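In what follows, a structure is listed as structure tokens, so that the remarks can point back to it.
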Amino acid sequence: MPKERLYLFDTTLRDGAQTNGVDFTLADKLAIAEMLDDLGIDYVEGGYPGANPTDTELFAKDHELDTTFTAFGMTRRPGRSASNDPGLAALLEAKADAICFVAKSWDYHVKVALETTNEENVASIRDSVRAAKAKGREVLLDCEHFFDGYKANPKYALACAKAAYEEGARWVVLCDTNGGTLPDEVEKIVGEVVKAIPGDHVGIHAHNDTEQAVANSLAAVRAGARQIQGTLNGLGERCGNANLVSIIPTLKLKPEFSDHFDIGVNEAALKKLAHVSHALDERLNRAPNRHAPYVGESAFATKAGIHASAIMKDPATYEHVAPETIGNRRKVLVSEQAGKSNVLAELERIGIKADKDDPRIGRLLEIVKEREAIGYAYEAADASFELLARRTLGKVPNYFDVTQFDVNVEQRNNAKGERVTVTLAVVKVKVGDDNMISAAEGNGPVNALDLALRKDLGKYQKYIAGLKLTDYRVRILNAGTEAVTRVLIESEDETGDRWTTIGVSANIIDASFQALMDSIVFKLVKSGAPA
Ligand SMILES: [Zn+2]
């Protein structure tokens with residue numbers, strides 16, 4: 001039986017831009033649109049031309065994307081004609097393949113927010129759809145507050161949706177704008193709507209205020225809707241929008257959907273999904289959610305020894321899908337409860353050949369346990385574990401020694417009489433027979449130390465040129481009688497690979513220094529730097 005086509009509509013650049021702390025530049029928007037296009041997303045909503053200079057500029061130029069590039073905006077204002085509304089005119093001029101109008105579909109909002117009559121609102125929908133169709137654009141209508149509106153006045157909510165469909169809108173999108181509707185309600189209401197408007201013209205736009213935006217989107221599909229709107233990583237106002245990064249693999253890998261539907265994302269693109277998700281976080285300068293379904297670092301991580309030994313025999317025992325299908329990987333955590341099987345599985349993954357009867361494996365396990373007892377957490381620091389393992393097995397060269405370092409923090413008045421804090425780090429490094437001294441100023445002691453340490457490593461400098469720190473996390477632990485500091489540092493290199501290193505000490509500078517050193521040495525090992 002031929003499969004039905006399900007369409008994906010991404011609104012990361014429009015609704016996702018409402019996220020607290022997110023502020024896309026034009027370059028960000030272009031890069032993200034390209035990424036979504038590569039992924040095979042059918043519609044990319046770029047923004048709201050006329051609402052801000054970035055979006056106006058974005059829609060001033062032609063684009064070269066395969067996706068249906070979509071501009072968002074309001075239907076004509078009440079009491080004005082379509083030809084006499086500057087907002088609508090700007091939208092019609094935008095260089096976009098499609099226009100997505102937003103309109104009220106809840107009579108309460110029509111009266112209170114829009115201060116107009118129900119009839120005028122429907123007329124505005126009709127006029128706007130007609131004007132955009134006349135301009136040769138594909139048209140979508142986002143029915144704002146549709147579900148709440150439907151519960152209050154089903155006849156009117158449906159009349160708004162039908163008006164757009166009758167005027168030739170390709171899609172009528174039912175929005176759960178407040179995000180409070182539950183899946184069974186969504187399924188029931190969409191089921192009613194598709195009796196009046198064919199499901200292959202109905203879309204769902206869910207917000208995540210009860211953490212069910214993904215479930216609501218899938219419920220709408222079950223009821224007959226054939227377009228899903230969402231964002232990468234569930235970006236969006238308040239609790240976010242439906243997360244396409246979770247929806248896509250569910251549609252591709254779960255037979256309930258994959259047996260019946262085709263989407264624009266193919267198998268090869270699906271393998272890039274974890275990368276796409278992390279690339280967006282990178283652009284937003286935030287650490288990826290480790291526990292994100294499908295793509296998170298912990299999504300296929302197993303801790304207990306008994307699970308690890310089963311996973312080594314057959315991964316399907318503890319995994320709902322194969323991690324490689326979405327570009328993720330299996331991870332067996334080395335932890336307090338680590339058994340030999342965890343250690344062996346992790347070594348195998350890293351690519352270190354080891355015999356299970358090798359006494360050094362037992363020694364490695366002992367060291368891990370000792371260190372975790374004083375605050376190390378190797379399950380969160382894969383690179384530090386790898387180094388520890390390689391060192392225990394005698395496979396890490398002694399590239400360089402830091403013979404001394406000194407960090408000085410000084411607060412004083414500058415020439416303008418302002419109070420400033422200045423940090424200076426000096427590091428003495430011995431590489432082979434060469435002794436080097438580097439100094440650097442930083443915005444804090446760890447930053448200064450990092451800059452000084454990476455400033456001059458002599459013959460090894462070229463191997464660490466692309467290394468940068470992307471995240472720094474500190475936690476104070478109460479281990480035994482004294483508080484100790486645990487530092488986790490996340491690094492990235494020119495290939496986009498990320499790794500995490502750890503340091504533990506009563507002194508935060510010491511702990512940071514250990515984690516920094518591990519990161520640099522890990523990069524040297526990774527780059528195959530000669531001893
Ligand atoms: Zn929304």
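With R₀ set to 35 Å, the beta-carbon distance separating Ala27 from Arg329 gives a calculated FRET efficiency near 0.70. Over region 156-226, the pair-distance histogram of Cα-Cα distances with 5 Å bins from zero comes to 4, 19, 31, 24, 15, 6, 1 percent, rounded to whole numbers.
Take the alpha-carbon positions of region 329-433, form their convex hull, and give its projected area averaged over all directions (one quarter of the hull surface) in nm².
On the way: hull surface 44.5 nm².
Seen from a random direction, the Cα hull of region 329-433 projects 11.1 nm² on average.
As a rough guide to protection, the peptides 441-452, 285-296 ranked by mean Cβ packing within 10 Å, highest first, stand as 441-452, 285-296.
How long is the gain from Lys468 to Lys428 if the chain were fully straight, where each residue apart is worth 0.36 nm and the alpha carbon distance is subtracted?
Details: separation 40, 0.36 × 40 = 14.40 nm, distance 2.07 nm.
That pair, Lys468 and Lys428, stretches by 12.3 nm at full extension.
Projecting label points 7 angstrom from Cα along Cα→Cβ for Asp357 and Thr117 puts them 9.3 nm apart.
If you take the alpha carbon atoms of region 25-64 and fit the smallest convex hull around them, that volume is 60 Å³ per residue.
All Cα-Cα distances of region 54-138, cut into 5 Å bins from zero to the largest, leave 3, 15, 25, 22, 16, 11, 6, 2, 0 percent in each bin in turn. Tell me which trypsin sites (Lys or Arg not before Pro) from region 131-161 have a DSSP coil assignment and no more than 15 other beta carbons within 10 Å of their own. When the trypsin sites (Lys or Arg not before Pro) of region 131-161 are filtered for loop state and at most 15 Cβ neighbours within 10 Å, Lys135 remain.
With only Cα atoms counted, region 478-529 has Rg and Dmax values of 13.0, 43 Å. Hydrodynamic estimate: the Kirkwood radius of region 40-187 over Cα pairs, inserted into Stokes-Einstein at 37 °C and 0.692 mPa s, corresponds to D of 211 µm²/s. At Arg391 and Gln461, where each label point lies 7 Å from the Cα along Cα→Cβ, what is the point-to-point distance in nanometres? Label at Arg391, label at Gln461, 2.7 nm between them.
By accessible area, using a 1.4 Å probe on protein heavy atoms only, the chain has 49% of its surface on carbon and sulfur. Estimated purely from DSSP H runs of n ≥ 4, each contributing -39500 (n - 2.57), the mean residue ellipticity at 222 nm for the chain is -11500 deg cm²/dmol once divided by its residues. Per the Kirkwood formula applied to alpha carbons, the chain shows a radius of gyration over Rh ratio, Rg over Rh, of 1.06.
Counting only the Cα atoms, region 426-471 fills a convex hull of 69 Å³ per residue.
The calculated P(r) of region 375-448, using every Cα pair and 5 Å bins from 0, goes 3, 13, 13, 12, 15, 17, 11, 6, 5, 3, 1, 0 in percent.
How large is the Rg to Rh ratio of region 463-506 when both quantities use alpha carbon positions and Rh follows Kirkwood?
Numbers: Rg = 13.5 Å, Rh = 11.7 Å.
Rg/Rh: 1.16.
Using the Cβ-Cβ distance between Thr403 and Glu256 with R0 set to 60 Å, the FRET efficiency works out to roughly 0.45. Zone of Arg130 (label point 7 Å along Cα→Cβ, backbone N under 19 Å): which residues in region 102-123? Output list for this probe position: 102-104, 117-123. If you take every DSSP beta bridge whose two residues both sit in the chain, what share of them, in percent to the nearest 5, is antiparallel? Among the beta bridges of the chain, antiparallel pairing accounts for roughly 50 percent.
The values are calculated or read from the model by the stated rules, or taken from the named source; none is laboratory data. As the structure is a prediction and not an experimental result, all values here were calculated from the model. FYI the Cβ positions are ideal-geometry reconstructions off the backbone, even for glycines, and counts take in every protein chain you see. Protein only, heavy atoms only, side chains kept; ligands, DNA and RNA dropped before computing areas. Shrake-Rupley method; radii C 1.70, N 1.55, O 1.52, S 1.80 Å.
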